[in-house]
Every structure is written in structure tokens, then in C-alpha cells.
Amino acid sequence: MIISGAKLLGKAHKEGYAVGAFNINNMEMAQAIFEAADKMSSPIIVQSSEGAVKYAGGYMIHAIVKTLSEQYPHIPVALNLDHGTSVESCVQAIRYGYTSVMIDASHSTFEENLQMTKEVVRIAHAVDVGVEAELGRLVGIEDNIVVDAKNASLVDPAEAEKFVKESGVDYLAPAIGTSHGAFKFKGEPRLEFDLLKEVKQRTGIPLVLHGASSIPDSVRASFESTGGDLKGSKGVPSNFLELAIKGGINKINTDTDLRIAFMAEVRRVARDEPTKIDPRDFFKPARAAVVAMLCERMKVLGSAGRV
Ligand SMILES: [Zn+2]
């Protein structure tokens, strides 16, 4: 059943686990996410960026998720717009049937971010849609905006408290040291757990971790064995994810890991079986690889067995 993101994450917040928010832009990825959720009895958040909406169409993405939610009626699912860049974009997503929207005005001033979030909250709450906002800036690429280390900044807990109180936002993504994309940490991974705990204490709402792909060794190995190059990048280690959940994270965004796991299999088939021309010969093993990776992830997040 597609339910409000606020309801789905309210339960995770109360019970102290995290729900994976997995990005899709096609049918196979969505199927893999639902199949893993079914296997692990886990709630899920399916999400798409504005770029994915542009690629597949918002009504198409909603139709895929709605159809799968009817196929797996016992799995609670929220459909989230990832990094909405304007009030209009969020309203459009609500019209498509999304039950959660992220308004990301974290690149603007605090005051502009607050005003924009307030506006989205007012509209979304009228139709029982959950709202996510972000404070601080992550390094990396969010659709088209490139944030370099110089312009990145961590969240300020006092600002977070004021922001949540005044905006009425349902869940908040505080920047605590992660970044987007496959190339996350130059040296050793480092996340600001004390900062996270303080934000949790002051806000008392579900918190969100962006840029949380962990690039598991097996996934890395299969991608690189086909000649793929991850340039020695490191993801967020699993034990960091566990610590983040202890610190108050209830929604963990993952996109890169799904892409790498999926494309490793596509690459393998292309290399080993050069006569194959049927997309299904590529996508079937790719989908299965994503399912296997997601089942492991759901155990780490603590969402397994919560249905
Ligand atoms: Zn993000």
C-alpha cells in the first residue's frame, strides 16, 4: 500500500530503525526493491529525482510503484520526490501521486530555505503528503548542481531546531559529512555522530541520511571484474550506517549502490555473451543482483521484519 512518508517514517522514528529510500528510473529497479522488501518483510521508500521524472515521466513512475504496491499489498511503501528544487516541482509530484516530497532549498539562505519549506508543508499537509527538507550542504552532485568541498557545510543544531519548529517539516536531512555519488571520501570516511545526536535531540523528528551508498566489496568486485572503474572510491561503511541509525537516522538514501550492482551484471553479460541481443538476458540477472544487495542492506538498516 502506498502511504504517506510521514506515517511510514513516524513508525521508524518511534521504534528506532531506518527505512531504505531507493532511487528508481525504470521498471526493473522498482521490481527489485519490492522483491527484496517482500523477502525481508521490510517497509520501503521508493524515490525518484527530478532527473528521473524527466527520464521516465512522473505518472509512469507512480504507475509502476502503484502496480507493484498492489502486487505486494502487505508492504508499506512511500513514493518520494528526491531533491525537489522548487515549490512547483513538489506540487507537480503530488499531482503525479507521490506521498512524500523533498524540498531542497539548502543551497539558498537559511531564511529562503525556511520560507520555501513552509510553503511546501502548507500544500503537502493539506493532502496528507510528508515533507523532507535539508540543512547544510553535501559535497557532490545533486542532479545538475555541483557542490565542491569549499562550499559544503555541516548542519548547525540550533538552526535545525528553529527550522523544524517554524517550518513544520516532517523529516530533516542534516549534512553530517556524507556526499553524493560514488566518490565519497578521499581519505578515511568520517561522519559527525555527535552533531547528529544533538540535531536529533533538539528536533525530535525522523532524520535522513543522504549520500549513504556503501559500495559493498562484493558489488565493487563484480563491477571491477568486468573492467568497470570506480576510481578507488569508498562508500559509507555498514557499521557507520548502524551508528547513524543509533544516532537518530530513520531514512537512508541509496542510489549509487543499486546502479553499480545492476550495471555490473549488464557489463558481465555483455562481456561473456557477445551474441546476446535480448534486453531481458541483461536485465534479469541485473535485477537479481540488486535484490541480493538490498536484502543485506535491509538487515543493516533494521527495517527487515518490521512488516
Ligand atoms: Zn541526496
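Kirkwood Rh over Cα pairs of the range 12-160 into Stokes-Einstein at 37 °C, 0.692 mPa s: D in µm²/s?
202 µm²/s
First compute the accessible area of the chain with a 1.4 Å probe, then give the percent of it belonging to carbon and sulfur atoms.
The value for the chain is 54 percent carbon and sulfur by accessible area.
Would you mind computing, in nm to one decimal, how far apart the modelled labels at residue 108 and residue 276 are, each placed 7 Å from Cα along Cα→Cβ?
In this crude label model, residue 108 to residue 276 measures out at 4.7 nm.
Calculate the FRET efficiency for residue 292 and residue 115 from the Cβ-Cβ distance with a Förster distance of 51 Å, rounded to the nearest 0.05.
Efficiency, rounded to the nearest 0.05: 0.70.
Given H placed 1.01 Å from N in the peptide plane, which residues other than close sequence neighbours of residue 42 have an amide H under 5 Å from its amide H?
305
Going by a ≥ b ≥ c, the root eigenvalues of the Cα gyration tensor, does the range 220-268 fall in the rounded group (a/c under 1.5), the prolate group (a/b larger than b/c) or the oblate group? Display every interim value, and only then the final one.
Values: a/c = 3.73, a/b = 2.33, b/c = 1.61.
Prolate, since a/c reaches 1.5 and a/b exceeds b/c.
If contacts are Cα pairs under 8 angstrom and at least 6 residues apart, what is the relative contact order of the range 66-125 in percent?
It rounds to 30 percent for the range 66-125.
Of the residues 200, 231, 66, which exhibits the maximal mean-square fluctuation in a Gaussian network model of the chain defined by a 10 Å Cα contact cut-off?
231
Here are some pairs, 66/118; 234/284; 234/299; 276/299; 14/162; which of them have Cα atoms lying more than 31 Å apart in this structure?
Flagged as over cut-off: 276/299.
For a test of the definition: using alpha carbon positions, the gyration tensor, and the 1.5 limit on a/c, classify the chain as rounded, prolate or oblate.
Cα axes put the chain in the prolate bin.
By the gyration tensor of its Cα atoms, with a ≥ b ≥ c the square roots of the eigenvalues, what is the shape of the range 1-67: rounded for a/c under 1.5, prolate for a/b over b/c, or oblate?
Note, shape of the range 1-67 comes out prolate.
Note down the accessible area of residue 263, probe 1.4 Å, to the nearest 10 Å².
In the full protein context, residue 263 sits at about 80 Å².
So what J values fall out for the range 272-277 if you push phi through Karplus, 6.51 cos²θ - 1.76 cosθ + 1.60 with θ = phi - 60°, rounded to Hz, Gly and Pro as x?
Values, residue by residue: 7, 10, x, 8, 5, 10 Hz.
For residue 208, what charge total do you get from the other residues with a beta carbon under 12 Å from its beta carbon, if Lys and Arg give +1 and Asp and Glu give -1?
Working: positive: 200, 251; negative: 82, 104, 132, 134, 170.
Result for the neighbourhood of residue 208: -3.
Could you give me the ³J(HN,Hα) list for the range 245-258, computed from phi with Karplus coefficients 6.51, -1.76, 1.60 and θ = phi - 60°, whole Hz, x at Gly and Pro?
Calculated HN-Hα couplings, in order: 5, 4, x, x, 7, 10, 9, 10, 7, 9, 10, 3, 4, 5 Hz.
So what J values fall out for the range 115-128 if you push phi through Karplus, 6.51 cos²θ - 1.76 cosθ + 1.60 with θ = phi - 60°, rounded to Hz, Gly and Pro as x?
Running phi through 6.51 cos²θ - 1.76 cosθ + 1.60 with θ = phi - 60° gives 5, 5, 5, 4, 5, 5, 4, 4, 6, 5, 5, 5, 10, 6 Hz.
Taking H as built 1.01 Å from N, whose amide H comes closer than 5 Å to the amide H of residue 130, not counting residues under 5 places away?
When sequence neighbours closer than 5 places are left aside, the close amide H contacts are 5, 6, 100, 101.
Assuming 0.36 nm per residue, please report the length gained on full extension of the stretch residue 15 to residue 122 beyond their Cα-Cα distance. Walk me through the numbers before you get to the answer.
Values: separation 107, 0.36 × 107 = 38.52 nm, distance 2.73 nm.
Computed gain between residue 15 and residue 122 is 35.8 nm.
The values are calculated or read from the model by the stated rules, or taken from the named source; none is laboratory data. These numbers come from a predicted model, not from an experiment. Counting neighbours? That spans all protein chains shown, and the Cβs are built from the backbone with ideal geometry, glycine included. For the accessible areas, the whole protein counts, side chains as well, though only heavy atoms, and no ligand, DNA or RNA atoms are used. Shrake-Rupley method; radii C 1.70, N 1.55, O 1.52, S 1.80 Å.
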